[in-house]
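To start, the structure under review is shown below, and the notes come after it.
The values are calculated or read from the model by the stated rules, or taken from the named source; none is laboratory data. Please read these numbers as outputs of a predicted model, since none were measured by experiment. Here Cβ is always computed from backbone atoms with ideal geometry, including for glycine, and neighbour counts include all displayed protein chains. The area values use the complete protein model at the heavy-atom level, side chains included, leaving out ligands, DNA and RNA. Shrake-Rupley method; radii C 1.70, N 1.55, O 1.52, S 1.80 Å.
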Amino acid sequence: MPINEYGQMIGEAVVSHTTGKLPAIDFLEGRYARIEALSVEKHAEDLLDVYGPDTPREMWTYLFQEPVADMEELVTVLNQMLARKDRFYYAIIDKATGKALGTFSLMRIDQNNRVIEVGAVTFSPELRGTRIGTEAQYLLARYVFEELNYRRYEWKCDALNLPSRRAAERLGFVYEGTFRQAVVYKGRTRDTDWLSMIDKDWPQVKARLEAWLAPKNFDKNGRQYKSLREF
C-alpha cells in the first residue's frame, strides 16, 4: 500500500488515466450467441415472446416494467428504450435459430472513472440457464474490459432477488454490500445488492468462462459436463 509524505496510506497510482469511451457495439459474435444493437425493425417480432402477455408473470416481479399487451405496445416500449441517451440496449440472438431471446443494456456509465453497469437484463424462459445467455454475458464483459478498457463493471439487483445475485456471482461478480431503501419501484421499497467485477479480476474470470463455454465441456445434446462453479 503506498504511503504519502504525511505517513498516510493512499490508493495505488493510476497511470495515464483518460476518460472512457461510450459503447459503440453493432454486434459481438460468439460461438452460441450473437449480441446486436437493439432494433425495432429487426427484433420486435421475436421480442414479443420475451416481453409479451404470454410470458410468466413471475419473471416481472423484480423488473421495473411489466409485460406488454401486444405488438403496438412493445414497439412503443422499445422506442422509449432506444430514445434514452444514458443506456445502450442490445438483443441477444441464438445463433442456431437466429431468434432474439432477450435483451440487456450497458448503463449508469461514468466515463471519467471508467465505471459501467450491465442492467435491465430481460431473459426469456427459453434463454435462462443456457450457454447462450452465459456467452452473451461473457461477450459483453469482454467488450467492457478489452475494448472500452473500463476499470469497473457493476451488477445491481433487488436484495430479495436471490436468483439474480446467484447468477452474478456465478459469472464472477463479487458481492460488495446492500444499499438499504435505495429505490422505490412498483409502489414498494427496494434494498439493492451491489456486485462488481474489476479489471484485475477479468483475466481469471475470462479463463473460467472460456473453459466452461468450450465445446468439449458439452455433450452432443448441449448438456454440460462440468458446471461453471467447478472451474
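Label-to-label distance, Thr18 versus Arg84, with points set 7 angstrom from Cα along the beta-carbon direction: 2.9 nm.
For the chain, the solvent-accessible area of protein heavy atoms averages 56 Å² per residue (probe radius 1.4 Å; ligands and nucleic acids excluded).
Accessible-area rank, largest first, for Trp194, Trp202: Trp194, Trp202, with all protein chains present and a 1.4 angstrom probe.
Close amide H partners of Gly20, meaning residues 5 or more places away or on another chain with modelled amide H under 5 Å apart, are Asn112, Arg114. To the nearest 10, the accessible area of Phe88 is 50 Å² with a 1.4 Å probe. Among Tyr150, Tyr185, Tyr32, the residue with the largest mean-square fluctuation in a Gaussian network model of the chain, with springs joining Cα atoms closer than 10 Å, is Tyr185.
I want the local charge near Leu101. Using Cβ-Cβ distances under 14 Å, sum +1 for each Lys or Arg and -1 for each Asp or Glu among the other residues. List each step's numbers first, then the result.
Values: positive: Arg34, Lys42, Lys95, Lys99, Arg128, Arg131; negative: Glu36, Glu45, Asp46, Asp49, Asp94, Glu126, Glu135.
It works out to a net charge of -1.
The modelled label-to-label distance for the pair Lys95/Tyr225, using points 7 Å beyond Cα in the direction of Cβ, is 2.0 nm.
Per-residue ellipticity at 222 nm computed for the chain from its helices equals -8000 deg cm²/dmol, with DSSP H segments shorter than 4 residues left out and the rest contributing -39,500 (n - 2.57). With both labels modelled 7 Å from their Cα along Cα-to-Cβ, the Phe218 to Arg188 distance reads 3.5 nm. The charge dipole of the chain, taken about its Cα centre with unit charges on the Cβ atoms of Lys, Arg (+1), Asp and Glu (-1) only, comes to about 640 debye. Restricting the GluC sites (Glu not before Pro) of the stretch 11-76 to loop positions (DSSP other than H, G, I, E, B) with no more than 14 neighbouring Cβ atoms within 10 Å leaves Glu12. Using a cutoff of 8 angstrom between alpha carbon atoms and counting only pairs six or more residues apart, the relative contact order for the chain works out to 15 percent. For Asp191, the solvent-accessible surface with a 1.4 Å probe is about 60 Å², rounded to the nearest 10.
Ignoring any ligand, DNA or RNA, what whole percent of the accessible area of the stretch 1-103 comes from carbon and sulfur when the probe is 1.4 angstrom? Write down the numbers at each step before the final one.
Details: 3360 of 6390 Å².
Within the stretch 1-103, the accessible surface is 53 percent carbon and sulfur.
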